[in-house]
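All remarks here apply to the structure that follows.
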Amino acid sequence: MIVIKIIVVLVGVILSIFLFRKAASTIDIGKINVVSYIMYLFLAQTMIGASLVYLGDHNHYTMGYVLNQSSFDIMYYSVLATSILFPATILAVHKLLRFDMKECYAGYLEKPTNVNFERKIFWVVAAIGVLCVGFLMLYMIAIYRKVHYFPVFRLLRTPEDFDMGVERQLITSVAPLGERITNLTLHLGLPLLSYLAFAYAWALKKSIRWWIAAVVLIGSSALALTSNFEKSPVIFYFFVLLLVILYIRGRLPKLLVWAFIGMIVLYMIFIYGKNGFDFSQGIDIYNGPIGRTLFTQVGTLALHFDLFPEILPFLGGRSLSPTAMNILGIDGSSVRSGKVVMDFYGSEKVYDGTGGVMNTLFIGEAYANFNYIGMVFSILYVAAFIALFVFVFLKLQKNPFNIAIFAFLTSRFAQTTQSGFTDFIYNFQFLLVFLLVLAVNLFPKIWKQYLGPRISGRKKQKHSKQEEST
């Protein structure tokens, strides 16, 4: 039996990588794109761990919560289906669109970056940036009043009895002008502005003002993202800066890639050490950053199949945002499936008040809400969504604004595949960014073809009337 399982795992991994490589056109890290990025996250955070669990390795703590042993096999076969259907769907959509990913992506990387209206855009970025940085200062003051320290200094000098989980809950509750304003300003506005400033600085090379703006905004963004002691957001943030360099330069230098990997390793050692993990006792695949990467999301996915519907009924769409629920006429309160799983299986962090959401591959949330039909639909839907995203952005003009947005969404969409399905249906921040892209890319054309000629025509008529009256 174990021999058959090993063959299934090997064939599944090889076939999945083959299909992802075809869909992404390249799996070279130096030319990474959203499809290959999703593949690497999927392999590291889901496929490897799921394969080990399928082969009988149930030693990670999350596996101990599973009540029905059949949940492990169901979890693996669902992951296997995703590993094949997801890249196959991207290939199918691109074939229907007659879109050659390899040719178009290579062409995009080789194209020069167009820089237009640089001076006007700088002053817009500077003005909005001042507002965002000002709000960040207000936010830091509010945090200090709540916990009596600044998070960045507490990271550098941490008392022995300091519990970052408890402190995170206290800091997360701080919202000087409301939670939505805080999220839009610090978790969307600041990062987007910093990516935009960095893209212009890199494209123009010698523009001192853009480099100053980039340094200030990048520093402010890093400060905001580490303010609640979360481990991974700052890593994904700096990775987007690498994507900006890639899209402008055409390729990431190997030295830069290895330097970034080294930075991640050092940062993870630092942050896990601050969270109380003792590296002196050795590192294994079940604890610390390695266990978190390989097994935590896999265990959570198994718990989704274990919990629904044997113990709790399917959520029936309640993991959608309240806005989407109102539009679709779904009754009840909004609740993410990861929160339900965390609460039910009684992690010790739930009891001490520091438990949040147990994130997993997007198919987990789709299954918890809509059964197996919803899970299969989610694979096809998210893959088609990603395929269309790539198709649209590679057709847009290559300028610093589009590059910054492309890099930002590449990272956000890849991360979202590892956290939830419903964000691909409705997410306010994604919608806002899409509207911004439409406005910036369509307005110049509308102005040139419609508004500009009409306004100039009216001015000429007014001028001719004035001449006649005189």
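The values are calculated or read from the model by the stated rules, or taken from the named source; none is laboratory data. Bear in mind the structure is a predicted one, so any value in this text is a computation, not a measurement. Positions of Cβ are backbone-derived with ideal geometry, glycine not excepted, and every protein chain shown enters the neighbour counts. Ligands, DNA and RNA are excluded from the accessible area calculation, which covers all protein heavy atoms including side chains. Shrake-Rupley method; radii C 1.70, N 1.55, O 1.52, S 1.80 Å.
Cβ-Cβ contacts under 7 Å between residues 6 or more apart (or on different chains), taken from a first residue in the stretch 94-109 that is closer than 17 Å to Leu396 by Cβ to a second residue that is open to solvent by less than 40 Å² (accessible area, probe 1.4 Å) and in a loop (DSSP other than H, G, I, E, B), are listed as Met101/Ser25; Cys104/Leu394; Tyr105/Ser25; Tyr105/Asn33; Tyr105/Leu394; Tyr108/Leu394; Tyr108/Lys398; Leu109/Gly250.
Selection of first residues in the stretch 389-409 that are closer than 16 Å to Thr113 by Cβ and of second residues that are open to solvent by 10 Å² or more (accessible area, probe 1.4 Å) and among the acidic types (Asp, Glu), restricted to Cβ pairs under 9 Å at least 6 apart or on distinct chains, gives the following pairs, ordered by first then second residue: Pro400/Glu118. Here Gln397 meets each of (1) surrounded by fewer than 17 Cβ atoms within 10 Å (Cβ to Cβ); (2) part of a helix (DSSP H, G or I); (3) more than 15 Å from the chain's Cα centre (by Cα) with one exception, condition (2). Tell me whether the stretch 8-28 contains one or more residues that are of a type in the set (Val, Ile, Thr) and open to solvent by 70 Å² or more (accessible area, probe 1.4 Å). Checking the stretch 8-28: at least one residue is of a type in the set (Val, Ile, Thr) and open to solvent by 70 Å² or more (accessible area, probe 1.4 Å).
Return the residues of the stretch 259-294 that are farther than 21 Å from Val234 by Cα and out of contact with any Leu (no Cβ under 8 Å at 6 or more places or on another chain); say none if nothing qualifies. Answer for the stretch 259-294, where residues must be farther than 21 Å from Val234 by Cα and out of contact with any Leu (no Cβ under 8 Å at 6 or more places or on another chain): Asp278, Phe279, Ser280, Gln281, Gly282, Ile283, Asp284, Tyr286, Asn287.
Selection within the stretch 143-181: residues that are of a type in the set (Ser, Thr, Tyr) and over 19 Å from Phe236 (Cβ atoms). The member of this set that is nearest to the chain's Cα centre (by Cα) is Ser173. Restricted to the stretch 425-448, and to residues there that are surrounded by fewer than 11 Cβ atoms within 10 Å (Cβ to Cβ) and under 17 Å from Phe406 (Cα atoms), the residue that is modelled with the lowest pLDDT is Leu442. Taken over the stretch 42-63, the residue count meeting the criterion of being buried (at least 17 other Cβ atoms within 10 Å of the Cβ) and in a helix (DSSP H, G or I) is 14.
Residues that are within 22 Å of Glu365 (Cα to Cα) and either among the hydrophobic types (A, V, I, L, M, F, W, C) or out of contact with any Pro (no Cβ under 8 Å at 6 or more places or on another chain) (or both) do occur in the stretch 20-35, at least one of them.
The set of residues in the stretch 132-153 that are open to solvent by less than 30 Å² (accessible area, probe 1.4 Å) and touching a helix residue (DSSP H, G or I) at 6+ places or on another chain (Cβ under 6 Å) comprises Cys132, Phe135, Leu136, Ile143, Val147.
Annotation: of all residues in the stretch 86-131 being of a type in the set (A, V, I, L, M, F, W, C) and open to solvent by 70 Å² or more (accessible area, probe 1.4 Å), the one that is modelled with the lowest pLDDT is Phe117. Surrounded by 16 or more Cβ atoms within 10 Å (Cβ to Cβ), part of a helix (DSSP H, G or I) and hydroxyl-bearing (Ser, Thr, Tyr), is that true of Tyr77? No.
Do the conditions hold for Glu160, that is, is it charged (D, E, K, R), more than 30 Å from Leu193 (Cα to Cα) and at pLDDT 95 or above? For Glu160, the condition - charged (D, E, K, R), more than 30 Å from Leu193 (Cα to Cα) and at pLDDT 95 or above - is not met. The single condition among (1) under 24 Å from Phe150 (Cα atoms); (2) free of Cβ contacts under 8 Å to residues at least 60 places away in the same chain that Phe260 does not satisfy is (1).
Residue count for the stretch 29-38 under the criterion of being in a helix (DSSP H, G or I) and open to solvent by less than 70 Å² (accessible area, probe 1.4 Å): the result is 6. For the stretch 161-174, taking the residues that are open to solvent by 40 Å² or more (accessible area, probe 1.4 Å) and of a type in the set (A, V, I, L, M, F, W, C), the one that is farthest from His148 (Cα to Cα) is identified as Val166. Looking across Glu118, Glu179, Glu160, one residue alone is within 30 Å of Val440 (Cβ to Cβ) and without any contact (Cβ under 8 Å) to a residue 24 or more places away in the chain. It is Glu179.
In the stretch 288-299, is there at least one residue being among the polar types (S, T, N, Q) and either more than 24 Å from Thr158 (Cβ to Cβ) or loosely packed, with under 14 Cβ neighbours inside 10 Å (or both)?
yes
Within the stretch 210-236, the set of residues being free of Cβ contacts under 8 Å to residues at least 60 places away in the same chain and assigned to a helix (DSSP H, G or I) comprises Trp211, Ile212, Ala214, Val215, Ile218, Gly219, Ser221, Ala222, Leu225, Pro233, Val234, Ile235. One residue is enough: does the stretch 301-316 have a residue meeting the conditions hydrophobic (A, V, I, L, M, F, W, C), open to solvent by 10 Å² or more (accessible area, probe 1.4 Å) and free of Cβ contacts under 8 Å to residues at least 12 places away in the same chain? Checking the stretch 301-316: not a single residue is hydrophobic (A, V, I, L, M, F, W, C), open to solvent by 10 Å² or more (accessible area, probe 1.4 Å) and free of Cβ contacts under 8 Å to residues at least 12 places away in the same chain.
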